[in-house]
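Chemist: Dropping a structure here in structure tokens format, bear with me for questions.
Nothing in this text is a laboratory measurement; each read-out follows from the coordinates by a stated rule. Every value quoted in this text rests on a predicted model; they were computed, and no experiment measured them. When we count neighbours, we look across all protein chains shown, and the Cβ atoms used for this are built from the backbone with ideal geometry, even at glycine.
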Amino acid sequence: MNLPILPEDKANHALYGLVIYALSASLFAPPFAMVAVFACAISKELYDSVLKEKAFSNADMIATLCGGLVGMYIGLFT
């Protein structure tokens with residue numbers, strides 16, 4: 001059985017989402033920490049699309065949000 005391979009870029013986005021969530025959850029309630037993850041994710045993609053002239057990547061933004069959700073799950077259910 002071959003497992004799907006997560007591209008390195010998406011793994012980095014997920015890891016950064018987890019770290020952003022962990023840092024912001026130490027200051028705010030979990031829903032507000034997810035808002036911080038969302039704000040960082042969309043800001044990064046807007047920065048890439050406007051200043052670096054790359055395409056806005058929904059997949060990168062979703063990977064970042066998934067990292068935040070993993071952090072939220074760990075924080076709430078462990």
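Chemist: Cut-off is 10 Å between beta-carbons; in what order do SER26, SER57, SER49 appear when sorted fewest neighbours first?
Modeler: Least crowded to most crowded, the residues run SER26, SER49, SER57.
Chemist: Quick one: 3J(HN,Hα) in Hz for segment 61-67, Karplus 6.51/-1.76/1.60 with θ = phi - 60°, rounded, Gly and Pro as x.
Modeler: Per-residue couplings from phi come out as 5, 5, 5, 5, 5, 5, x Hz.
Chemist: Only one of the values (i) 40, 38, 14; (ii) 37, 36, 20; (iii) 51, 43, 23 was calculated from this structure for Cα extents along the principal axes in Å; name its label.
Modeler: From the options (i) 40, 38, 14; (ii) 37, 36, 20; (iii) 51, 43, 23, the structure gives (i).
Chemist: A follow-up question, please. Can you pull out the trypsin sites (Lys or Arg not before Pro) in segment 6-74 whose DSSP state is coil and whose Cβ has at most 11 other Cβ atoms within 10 Å?
Modeler: Passing sites in segment 6-74 are LYS52.
Chemist: Using label points projected 7 Å from each Cα along Cα→Cβ, tell me how many nm separate LEU51 and PHE38, to one decimal.
Modeler: Output for this residue pair reads 2.4 nm.
Chemist: Mind putting a number on the dipole of segment 8-77 about its Cα centre? Charges go on the C-beta only, +1 for Lys and Arg and -1 for Asp and Glu, and I need it in Debye to the nearest 20.
Modeler: Its charge dipole is roughly 120 debye.
Chemist: Which of the aspartates and glutamates could a cross-linker span from LYS10 if the Cα-Cα distance has to be under 18 Å and same-chain partners fewer than 8 positions apart are dropped?
Modeler: Leaving aside aspartates and glutamates fewer than 8 places away in the same chain, those within reach of LYS10 are GLU45, ASP48, ASP60.
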